[in-house]
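**Q** I'd like to ask you about the structure that follows.
The values are calculated or read from the model by the stated rules, or taken from the named source; none is laboratory data. For clarity, every value in this text was computed on a predicted model and none was experimentally measured. Here the Cβ positions follow ideal geometry from the backbone for every residue, glycine too, while neighbour counts run over all protein chains shown.
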């Protein structure tokens, strides 16, 4: 038993040394994840800042200028210019110099003063419908606030009900709080897959794999020795990224650290299992890379990282059940924002363990069959 | 004016302190129509020199003139007129033989009408005619090499640069390659510069350049180089003592520069042209006779003079005579790939302490047999016992008794020498004290001490080979598998390696070895010769050679035996099918 | 430039492509699969958002408000007896939002007005939360209008914003996501394919053999570029056909402009792959660099999902070297708006600059030499 443990340990040490002593793979493991976290952490935001808009104001009154001032003063909008005819509006939107146009009719102030509803036409560029949808929400809320102040000033009867909304877990609806934990998951997956997915293929290409096979080590020990470095590197990398999320991006960590780490281990179990499965199938490093890649891309898209799983068609939602990243993202976001702990995450843990177990067994069998 | 004129050429690689000189002040000239050989130990700068001459490296200093073109400025014009075959000629494996030729014809702008005749000529010359539509990836090693040569001859070139064109190729293919090259020199007036690890090839050239650590140590015609060595070489025979035991005694003597086993005798080279001061018993029997010198003697002694400390490790004289316990047993072994039988009814056995050779042409099935013995591949049928067990199915403890050195010296390149040793020691179950002892032994015995912290990937080839051997020996295996362990290694490193293997065999370790060097086959106690998946000869080197002794060939070499036995077998089986 | 040499190199490349199923898979199967997965998988349109309704005292007023919600396609409501149990359900991820109508809802709204409707949203996915917020707000406004009309007193809404969305009135996210996805997929394929095939020639030693022929370096690069360009255009056409016929994205611009800009983009992506492989030489490093610099940057920095204007200044500058950025903008206009030269020209210019940079870098750094 002692010999077995020592052997596996030697293999793990060897794998780690091979990874860390080689400048190319060291660079790949450490540099890009950190750079990507920082760049993407800042880039990936659904908040709109500086939405450019033009104003076509045909009204001469004070109130229309007040409304325009509200928009121009909001941090989300940038007034590009005033235009003086309809074709200029069209042009500004078409060539994307403005995302939005406000078209205020000639009777705006007089309508308001007479107590008639005054209409303002908002044109949005729907080519980027997500931005348009978000901007539409901003427009509504600015107009609502404007209305409230009008109602107050004129003493007209307010609407019978008011909608009071609040957001749980993320009161300012800061999308970075949502995206950064997601990036933690993606990068952890990337690193652990690259560590395990290519390791066997690399040894096959260098010929050292035969050298391992003629030693007294049984295939299970080799597999174990290949799996553990993925865990170690993944845990280290995951910890680093989580720390950066907390201390660099100031994403609040409200949940249980133990719950997160159990989730991380379950996730790595699944990721390493898939990596080993790719490894046992790939003969060359190129195949291994393609395999990792072909798994990674859909895994990211279908994980709910950027677009919610609930919006997908039912059939695709079933496919996402096979995606380990899906479960880990829930654990990550749950423990960062929702204050979740082990009890709440249990439904995420066991599918990860199942995926990992099935992949490990399959990898072991494929591995043995390959050798046969 | 020579075809190649090189003056004070220097080239170095790397940056800062790790910058290494590959060539230092090299000057030489090669005349038109000459055939010149470049020899020297690994890392001497042979490949660098050839690449410089082909215009794909930039010299640091000195002038280079090839076919009248000054390099590196005129490399494009030069490249239209030369043929260069790199060490590992990259054929497009997904393209057929003909498509590969067409590509190179296109690249050399060969006109459509001239093309057909040239293709036919080259395909006839290389005997690849029947394989026109076969993909390059499906050719045997020897055929690939011939196709590579055909591709470089397409335009046809005025100068041919060949970088170890015959490495890893069996003797038959080697002879074919050689005859194609000679044909070019004689009939097409092509000038040839080739680098080689085979001294017999160099000996057949007009001019020889011996490169050592980036400098030219000697140059001239082979006879010029051999002349000072005449009278230095002797062949010893002792009926009472096996050649290996004899070698271990003789090699200790003063002034013996080199000793190699040849059949049942021992060929030695002395420092001066004096008969060796032999042990009285040998002198009494008068069994030492002078033999003509050869280029290899010059090579070894020139390098010996250069570096006299360079001592070959001496075999230990532990008296454990080979006995009759079979440690490897193979009975009617078959291996099929689909319907193709790669190995057919192979049987042999190897006894304890024997050095046993597995020889054959490329694709004869010896690698397949070897992989089955090591447990890397299952047999289709037949029995196979190594150290009393089938390594694939047997207990791990059986595998703990074997060591394996693969062709590519598979080491972990990013790990240091010490880390490699420590890893393999642990994997073989060595612990604490014993592990320390074995690592210390390996560093000492294989002279790896100066390289403890060097990454395995940065080691010179000869040291890689030593480290690979050290790793395979960590657990003191009783059986050692050596798969082409000397492929691409220069004669000096080969000698050292064999001295170690001899010592191991003397100590009772059984060694199984495959090789393409026929003189190495002479070092084996017994060997099998394989062709088309079958064993066609088994026995001692002397027995095998005697099978082809004829009136016109009274004293056949191992290579002669190899070629005639295999050709005959292929002829017979072709007629049968 | 010699015709025979370039033709010979191209023919070789075509044979290699045709006989190696993996390149065919990368060029045709990969876009097919990715577009299917992405096309169905990436959607920002929230439908059937699970909403908890907590009504402390049901009346006809609460019923009329909730029936508005129940009939909306956006919501999938469920009743919960109290706020605590609803919040529990939110913690477990079973509902995304909670609407809480207190027991005094009807009484107060009939007498004094200003009756609160409490909406609690799970804010973790901020974008989704905001969309839900908007949906609820819209539903509530409609209900207010109805109530006011019923009671015969028009609602005092001083300003009404009439929002009109051009090019994509229904704000179907698929219509703008799919053109963006095509850009991402083509970046991947273009860069990955060339990065791998050139590095492979170095590793297999075929490059050394080719180099010692009179072939010029531009000929070698051209021989690589053209076959993969043709193959990439094939993949591009396949993707466009899928977008139009399978996902029913309107194609309002002309096919000529689309093909022209796709050609320029593909050239840029291939140029990027070439540059990577020329600089890296090892297959492993080339593939790593290609993966790190293609997929995620194209996904996050191209403006396909995240608005570039909202990114910090430094990152906005960075997006200029992401080729997909220009192509996403061109494609979205081409598909949804038509041939708008004011959008297409600057973006194509941006692409052209990148294309020249990448191809120039490949030509400059590619040496017919080993050192």
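**Q** Looking only at the range A:4-25, which residues are closer than 10 Å to residue A:225 by Cα and touching a strand residue (DSSP E or B) at 6+ places or on another chain (Cβ under 9 Å)?
**A** none
**Q** How about the range B:427-538: which helices (runs of 4 or more DSSP H) wholly inside it have at least 1 residues that are modelled with pLDDT of 90 or more, within 14 Å of another protein chain (Cβ to nearest Cβ) and over 21 Å from residue B:352 (Cα atoms)?
**A** Hits in the range B:427-538: B:432-445, B:461-473.
**Q** Let me ask something additional. Determine which single condition residue C:123 fails, assuming it passes every other condition in (1) without any contact (Cβ under 8 Å) to a residue 40 or more places away in the chain; (2) farther than 30 Å from residue A:334 by Cα; (3) under 24 Å from the mean Cα position of the chain (by Cα).
**A** Condition (2) is where residue C:123 drops out.
**Q** Moving to a separate point now. So residue B:193 ticks every box in (1) crowded, with 18+ Cβ neighbours inside 10 Å; (2) assigned to a helix (DSSP H, G or I) but one. Which box is left unticked?
**A** Here residue B:193 clears every test but (2).
**Q** Exactly one condition in (1) under 23 Å from residue B:168 (Cα atoms); (2) touching a strand residue (DSSP E or B) at 6+ places or on another chain (Cβ under 6 Å) is not met by residue B:25; state its number.
**A** Single failed check for residue B:25: (1).
**Q** Suppose we filter A:313, A:298 for residues that are at the interface with another protein chain (Cβ under 8 Å from one of its Cβ atoms) and surrounded by 19 or more Cβ atoms within 10 Å (Cβ to Cβ); which single one remains?
**A** After applying the criteria, what remains is A:298.
**Q** In the range A:151-172, what count of residues is obtained for those that are more than 7 Å from every other protein chain (Cβ to nearest Cβ), modelled with pLDDT of 75 or more and over 15 Å from residue C:131 (Cα atoms)?
**A** 2
**Q** Ok, one more. Kindly provide the set of residues from the range A:90-109 that are in contact with a strand residue (DSSP E or B) (Cβ under 8 Å, 6 or more places away or on another chain), assigned to a helix (DSSP H, G or I) and within 20 Å of residue C:346 (Cβ to Cβ), ordered by number.
**A** A:92, A:93, listed by residue number.
**Q** What tally of residues in the range A:89-140 results from selecting those that are under 23 Å from residue A:63 (Cβ atoms) and more than 7 Å from every other protein chain (Cβ to nearest Cβ)?
**A** Matching residues across the range A:89-140 total 20.
**Q** Every residue in the range B:135-154 that is farther than 14 Å from residue B:89 by Cβ, within 14 Å of chain C (Cβ to nearest Cβ) and out of contact with any strand residue (DSSP E or B) (no Cβ under 6 Å at 6 or more places or on another chain), please.
**A** The answer is B:138, and nothing else.
**Q** Another question, if that's okay. If we scan the range A:153-163, do we find a residue that is under 30 Å from residue C:159 (Cα atoms) and assigned to a helix (DSSP H, G or I)?
**A** Yes: the range A:153-163 contains one or more residues that are under 30 Å from residue C:159 (Cα atoms) and assigned to a helix (DSSP H, G or I).
**Q** Can you name the residue in the range B:542-558 that is in contact with a helix residue (DSSP H, G or I) (Cβ under 8 Å, 6 or more places away or on another chain) and closer than 19 Å to residue B:525 by Cβ and, of all such residues, is surrounded by the fewest Cβ atoms within 10 Å (Cβ to Cβ)?
**A** B:547
**Q** What's the total number of residues in the range A:12-36 that are more than 7 Å from every other protein chain (Cβ to nearest Cβ) and either more than 30 Å from residue C:129 (Cα to Cα) or not in a helix (DSSP H, G or I) (or both)?
**A** Matching residues across the range A:12-36 total 13.
**Q** Here is a further query. May I ask you to say which residue of A:276, A:264, A:268 is under 17 Å from the mean Cα position of the chain (by Cα), away from chain C (no Cβ under 11 Å), crowded, with 21+ Cβ neighbours inside 10 Å and part of a helix (DSSP H, G or I)?
**A** A:264
**Q** Considering only residues of the range A:37-46 that are within 7 Å of chain C (Cβ to nearest Cβ) and crowded, with 20+ Cβ neighbours inside 10 Å, which is nearest to residue A:130 (Cα to Cα)?
**A** A:46
**Q** Now for a different question. Looking only at the range C:1-34, count how many residues are within 19 Å of the chain's Cα centre (by Cα), more than 7 Å from every other protein chain (Cβ to nearest Cβ) and crowded, with 22+ Cβ neighbours inside 10 Å.
**A** Number satisfying all stated conditions: 1.
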